[in-house]
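See structure below.
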């Protein structure tokens, strides 16, 4: 992992027509001119995965009006000099829970949502929560766009009976339950429907079919429903690297020593690519689950101090309950290295990789843990430009929001992040921007 102490710089999130001076987790906005122009700024091209030479970006209202090397600055525009700086799309966290876990720590979503903006994360995808609390949070977000990222809602966890998580799980045991459930989810405004570990294939197949019929994205945290089957049945995304590795380990091997060239692995990875199924590894939550208990570099990570106090207290309590034996450390390290290796194999096979965190699971700090996830994706062998694309365009596509988000292009929402250093040279510079100057926390376009 790169030593952040040697890095300098700080980050500003530019929001449509706001000129911003940030506080700890929010921003103060000056009166808005008709348009904003960011001049002489290097722009990340999410399609070509490269940094373009100096451009002018003009924003009008909440949309990007024009991008190019010779775009004229409109008369009366508020001008931001981007000389020597780097503009990227707002980051997207593809795996969060707005209600689950926050309920257990008695921390309201409103308390930690500003942390995402504080880390340059302008949109988040919920991946399993109860509907009414999500809708309440969505109303708060609509009322406070200066404090909150965009949120995209998900169904509860569609599971067996009893559901693993009684707070956010939903027992579905008969196929005749599925059409009405999916209709209700669509009417509730969810964008993703999630299959969970206890769902059998006959239920899951219908969830996929009905979800797609209604234009919803179907995702899965797998268990009973095998990855080989769910991929063939047309799921859109496998959540967690476990959703791949658990279905390629032959008898007699373990996650820590599995041969990723074994026939089961080769066949499943090829099927994931063939069926255009995305994989959201969420490496940071697995690193924590495996190594956090006795490794101070993770359980005392500086990002953890940013979380609300009640959340930190809850995390510390869970840490004391789940310590590992020191004798198992090398095996645990080997297991996590295998997760990194598999992520790299998937990427090189042409599989679409997403960037998600599972925040606010224990020690998965909202917003800032996405920077850790990006570092782990680089550690997995992905080039920094590809990693940045995972957190922008790839995540926008799984949300079906690539016409609005994920790239710096005319017509798209002006969710933009201005960096003082080139993230393609060192992805870990993201976090240093925030550590070195608290003014690097702002908001998204309205």
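Laboratory data are not the source of any read-out in this text; all were calculated from the coordinates shown. All values reported here derive from a predicted model rather than from experimental measurement. Quick reminder, even Gly has a Cβ in these numbers, built from the backbone with ideal geometry, and neighbours come from all protein chains shown.
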Review point. How far is helix 263-274 tilted off the main Cα axis of the chain, in degrees rounded to 10, range 0 to 90?
Key: 40 degrees
Exercise for review: First check a/c for segment 91-398, with a ≥ b ≥ c the square roots of the eigenvalues of its C-alpha gyration tensor; if it is under 1.5, answer rounded, and if not, answer prolate when a/b is larger than b/c or oblate otherwise.
Suggested key: rounded
Exercise for review: With springs connecting C-alpha atoms under 10 Å apart, model the chain as a Gaussian network and identify which of 332, 136, 150 has the largest mean-square fluctuation.
Suggested key: 136
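For segment 240-300, what is the relative contact order in percent, using Cα pairs closer than 8 Å and at least 6 residues apart in sequence?
Over segment 240-300, the number comes to 33 percent.
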Review point. Looking at the square roots a ≥ b ≥ c of the eigenvalues of the Cα gyration tensor of segment 317-417, which shape do they give, rounded for a/c under 1.5, prolate if a/b is larger than b/c, or oblate?
Key: oblate
Point to revise | Per-residue Cβ neighbour rank within 10 angstrom, fewest leading, 166, 127 | key: 166, 127
Point to revise | Beta bridges per DSSP with both ends in the chain, % antiparallel, nearest 5 | key: 45 percent
Revision key, fill the gap. From DSSP H assignment alone, runs of 4+ in the chain each adding -39500 (n - 2.57), the sum over residues rounded to the nearest 500 puts [θ] at 222 nm at -9500 deg cm²/dmol
Review point. Nearest 10 degrees, 0 to 90: what angle lies between the long axis of helix 309-321 and the longest principal axis of the chain (Cα atoms)?
Key: 30 degrees
Revision key, fill the gap. In terms of the alpha carbon gyration tensor, root eigenvalues a ≥ b ≥ c, rounded if a/c is under 1.5 and otherwise prolate when a/b exceeds b/c or oblate, segment 294-367 is oblate
Revision key, fill the gap. Between residue 262 and residue 79, the FRET efficiency computed from the C-beta separation at R0 = 60 Å comes out, to the nearest 0.05, as 0.55
Exercise for review: Among 315, 242, rank each residue by its count of other Cβ atoms within 10 Å, from fewest to most, as a rough exposure measure.
Suggested key: 242, 315
Practice item. For a footprinting-style exposure proxy, rank 70, 123 by other Cβ within 10 Å, fewest first. Key: 70, 123
Practice item. Can you tell me the 0 to 90 degree angle between the C-alpha axis of helix 329-348 and the longest principal axis of the chain, rounded to 10? Key: 70 degrees
